[in-house]
Amino acid sequence: MHQIWLSLLSGLCLRLFFFCCAEEGLEFPNFDGKDRVLDVNERNYKKALKRYDLLCLFYHEPLPANKGLQKRFQMTELVLELTAQVLENKDIGFGMVDSQKDAKVARKLGLEEVGSLYVFKDDRVIEFDGELSADTLVEFLLDVLEDPVEMLNNAMELRAFERMEEDIRLIGYFKGEDSYYKAFQEASERFQPYIKFFATFDKSVAKHLSLKMNEVNFYEPFMEEPAILPGRPLSEMDIVEFVNQHRRATLRKLRAENMFETWEDDMDGIHIVAFAEEEDPDGYEFLEILKDVARDNTNNPELSIVWIDPDDFPLLTTYWEKTFKLDLFRPQIGVVNVTDADSVWLDMSNDEDLPTPEELEDWIEDVLSGRVNTEDDDESADDQDSPDSYVPEDSYESHDPDEEDDSDD
């Protein structure tokens, strides 16, 4: 599925290039033709690392002979050129590393995955695992430029923090910068910019959040109450280990800046996927049901639901509808095999009302127990009639993208 998305997105990544100016002051950038992306090699890579606050390197295969693949390569290069142009005054360098011609440089820099983008900041290397479009990359790099810990000093900043329900957040209360805050700050650098770290030295802010001195709270997305990290004071490794153990949220939103990282983080080869438009009344209602289910099952390590808002990925919506045979104008939930996109979807087409949290939990329990799985349509009839694999035909819709569509006959 990852490769399918990559192939599709390669044709979409130039969306900023074709915006035109409508009025003065609203001009979207167009590539000006100036080369800013370096050909990074053994002679210049050390100089490039020293020169920029951030160095963004695309690790790629040699230029292919196939014309279609050449065009895709050129489009990727144009995305980097436009991003470099937009961020020209931000002290960010851009370069490309050929996996064959510059193999020695790649080994020295620790570049491993061909087709990936690596960002070097101080002594850290951050892998970009999102949609390779100019707007997404610009936003990502601006986040990397920021301090890894954001301070909360007043009620207004506190209100903004409390509205960030879609994000994993950590908040710690410390005496000052020369305190156990240093361990918290060092831990934050391990996860920037994917996980947000906040801190306060303000007693009133800490009181509002029920934070004790040197205490750190972990907010899972869409959960009303945080988890308190055990122990005080905490070391850098204490925080890092806790975050790594709890970073797969019960309900998490697919985002352009880390979409491939999320998709690769499957549960035994599958994802439970929910499509819901937050701005649509039915989508909003279904999302609230998903939140209720997630909150009731937050301590279940086997459950993780990926929520996709089709409005966030307009260029992928038609592809998803065709692949999964769904109508994404209404909420949907199903289980998807990450390797071949084979899927089974909860049938909600015959009901005017959305499923209750209890009905949705029953379906999820069937998924987690294996009674609903994407291989049902591949099994023999005898296997399907056995008690362990029986699935009521009026409850689930199964779709194998490799099968022929009878409607086309």
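The values are calculated or read from the model by the stated rules, or taken from the named source; none is laboratory data. No experiment lies behind these values; they were computed from the predicted model shown. Using ideal geometry, Cβ is built from the backbone for each residue, glycine included, and neighbour counts are taken over all protein chains shown.
What about residue 238, is it more than 21 Å from the chain's Cα centre (by Cα), farther than 22 Å from residue 139 by Cα, surrounded by fewer than 20 Cβ atoms within 10 Å (Cβ to Cβ) and modelled with pLDDT of 95 or more? Answer is yes for this residue.
Within the set 408, 394, 362, 388, the sole residue that is farther than 30 Å from residue 133 by Cα and at pLDDT 90 or above turns out to be 362.
Scanning the stretch 247-299 for residues that are of a type in the set (S, T, N, Q) and out of contact with any Ser or Thr (no Cβ under 8 Å at 6 or more places or on another chain), we see that the one that is farthest from residue 309 (Cα to Cα) is 299.
Pick out the one residue from 241, 257, 288, 225 that is touching a Gly at 6+ places or on another chain (Cβ under 8 Å) and under 24 Å from residue 161 (Cα atoms). On inspection, the qualifying residue turns out to be 257.
Just checking, does the stretch 186-195 include any residue being under 30 Å from the mean Cα position of the chain (by Cα) and of a type in the set (Phe, Trp, Tyr)? Yes.
Selection over the stretch 289-300 of residues that are in contact (Cβ under 8 Å) with a residue 24 or more places away in the chain and in a loop (DSSP other than H, G, I, E, B) gives a count of 3.
Residues that are touching a residue at least 12 places away in the same chain (Cβ under 8 Å), surrounded by fewer than 16 Cβ atoms within 10 Å (Cβ to Cβ) and either assigned by TED's automatic domain parsing to the domain that holds residue 265 or not small (Gly, Ala, Ser) (or both) occur at least once in the stretch 79-88. Considering 80, 69, the condition of being hydrophobic (A, V, I, L, M, F, W, C) and either in contact with a Phe, Trp or Tyr (Cβ under 6 Å, 6 or more places away or on another chain) or assigned to a loop (DSSP other than H, G, I, E, B) (or both) is satisfied by 80 alone.
Give the residues of the stretch 119-146 that are part of a loop (DSSP other than H, G, I, E, B), of a type outside the set (A, V, I, L, M, F, W, C) and over 28 Å from residue 176 (Cα atoms), sorted by residue number. Across the stretch 119-146, the qualifying residues are 129, 130, 131, 133. For the list (1) out of contact with any Ser or Thr (no Cβ under 7 Å at 6 or more places or on another chain); (2) touching a residue at least 12 places away in the same chain (Cβ under 8 Å), I need the number of the one condition that residue 114 fails. Residue 114 satisfies all of (1) out of contact with any Ser or Thr (no Cβ under 7 Å at 6 or more places or on another chain); (2) touching a residue at least 12 places away in the same chain (Cβ under 8 Å) except (1).
Looking at the stretch 147-208, the helices (runs of 4 or more DSSP H) lying wholly inside it that each contain 2 or more residues that are of a type in the set (A, V, I, L, M, F, W, C) and farther than 20 Å from residue 233 by Cα sit at 155-162.
Out of everything in the stretch 89-111 that is part of a helix (DSSP H, G or I) and touching a residue at least 60 places away in the same chain (Cβ under 8 Å), what residue ends up being nearest to the chain's Cα centre (by Cα)? Applying the filter and picking the extreme gives 109.
With respect to residue 354, determine if the residue is in a loop (DSSP other than H, G, I, E, B) and either within 28 Å of residue 243 (Cβ to Cβ) or modelled with pLDDT under 95 (or both). Yes, satisfied. Those residues that are out of contact with any strand residue (DSSP E or B) (no Cβ under 7 Å at 6 or more places or on another chain) and farther than 17 Å from residue 276 by Cα, I need them from the stretch 324-360; list them, please. Correct list: 339, 340, 341, 342, 350, 358, 359.
In this structure, residue 304 does satisfy being touching a Lys or Arg at 6+ places or on another chain (Cβ under 8 Å) and surrounded by fewer than 21 Cβ atoms within 10 Å (Cβ to Cβ). For the stretch 199-209, check the following and say yes or no: at least one residue is surrounded by 14 or more Cβ atoms within 10 Å (Cβ to Cβ), in contact (Cβ under 8 Å) with a residue 40 or more places away in the chain, of a type in the set (Gly, Ala, Ser) and outside the structural domain of residue 305 (by TED's automatic domain parsing). The answer is yes, given that some residue of the stretch 199-209 is surrounded by 14 or more Cβ atoms within 10 Å (Cβ to Cβ), in contact (Cβ under 8 Å) with a residue 40 or more places away in the chain, of a type in the set (Gly, Ala, Ser) and outside the structural domain of residue 305 (by TED's automatic domain parsing).
Among the hydroxyl-bearing types (Ser, Thr, Tyr) and modelled with pLDDT of 95 or more, is that true of residue 99? For residue 99, the condition - among the hydroxyl-bearing types (Ser, Thr, Tyr) and modelled with pLDDT of 95 or more - is met.
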